[in-house]
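Notes follow the structure.
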Amino acid sequence: MQEKILSIFIDESGDFGKYDSKNPYYYVSLVLHNQAVNITENIKTLEEHLRNIGYSNHAIHTGPIIRREQFYKNELMENRKTLFNSLYHFTRKLDINYLIVKIDKKECEDNVFAYTAKLAKQLSNELKLYFDFFNSFDLIINYYDNGQGELTKIITTVFSTLFDKVEFRKVKPSDYKLFQVADLICTLELTKDKADKNAMSKSELEFFHSAKDFKKNIYKHIEKKKIKYKK
């Protein structure tokens, strides 16, 4: 009988630095892919599209696209939206789920130990809600780029405590499209919280037009991928 494997691609938004009222939360996204679901054709289609628009072998970074930073600082809005839509529609068509973990940095007193404890507890609580789902797999493989050492330790400790068969692999964003999806989801969850508070930045409003348009045209379609709790 073939082994049942769950891949989890993990990304974060924020850091363990001082509290900032403009970005008060630390987000961790976990994209869940049952390896029995073949997404090869989806990936080929995306890669072909990226080649056609001049971005062959490119790792899409959603936040910098919206803010016109890094690789995209000289790109026109039209080109940045084309790149964003490439990853966004790729994500919409995938048979995946995700869960999001976030902590309020205001409650952590700018203390790395408080950040670590709170995030570990929140991640553990979220995983326990779906324990039967995760435990139904023979193996769970976590993919993370080890971008933040504290998060690497939290992921390793929490998953190893809750589940028996777990592996951890370091990845490069360019190698895995689902890691780029985790980045997209982190950015969209952050933007959703800002939209709810009428606190979207100038660049976000320019890119999405308004908080209402963002929630109606973008976020609500991605939110459907969020894993649902079943009692």
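For segment 68-88 versus segment 99-141, the spacing of their alpha-carbon centroids is 32 Å. Determine the alpha carbon to alpha carbon distance for each of LYS106/LYS212; LYS81/LYS177; LYS93/LYS220; LYS18/LYS172 and list only those over 22 Å. Checking Cα-Cα distances, LYS106/LYS212; LYS18/LYS172 exceed 22 Å. Heavy-atom accessible area, probed at 1.4 angstrom with all protein chains present, ranks SER203, SER136 as SER136, SER203, highest first. Accessible surface calculations at 1.4 Å, restricted to protein heavy atoms, place segment 52-196 at 49 Å² per residue. How much net charge surrounds LEU151 when only other residues with a Cβ under 12 Å from its Cβ are counted (Lys, Arg +1; Asp, Glu -1)? Net local charge, LEU151 excluded: -4.
Apply the Debye scattering formula to segment 71-217, with a single equal point scatterer on each alpha-carbon and no solvent, then give log10 I(q)/I(0) at q = 0.10, 0.13, 0.14 Å⁻¹. Each listed q corresponds, in turn, to -0.46, -0.77, -0.89. Measuring nothing but protein heavy atoms, the accessible surface of the chain at 1.4 Å probe radius is 46 percent carbon and sulfur. As a rough guide to protection, the peptides 44-56, 25-37 ranked by mean Cβ packing within 10 Å, highest first, stand as 25-37, 44-56. Between LEU190, LEU127, LEU76, the GNM of the chain built on Cα springs shorter than 10 angstrom shows LEU76 fluctuating the most. Working note: Karplus 6.51/-1.76/1.60 with θ = phi - 60° gives segment 47-62 the couplings 4, 5, 4, 5, 4, 5, 9, x, 10, 5, 6, 9, 8, 6, 10, 5 Hz, where Gly and Pro are set to x. Using the Stokes-Einstein relation with a Kirkwood hydrodynamic radius computed over Cα pairs, the translational diffusion coefficient of segment 97-153 at 37 °C and a viscosity of 0.692 mPa s comes to 252 µm²/s.
With helices as the sole contributors, the chain gives -14000 deg cm²/dmol at 222 nm; each DSSP H run of n ≥ 4 counts as -39500 (n - 2.57), and the sum is divided by every residue.
The values are calculated or read from the model by the stated rules, or taken from the named source; none is laboratory data. Owing to the predicted nature of the structure, the values given are computational and were not obtained by experimental measurement. Don't worry about glycine lacking a Cβ; one is built from the backbone with ideal geometry, like all the others, and counts go over all protein chains shown. Protein only, heavy atoms only, side chains kept; ligands, DNA and RNA dropped before computing areas. Shrake-Rupley method; radii C 1.70, N 1.55, O 1.52, S 1.80 Å.
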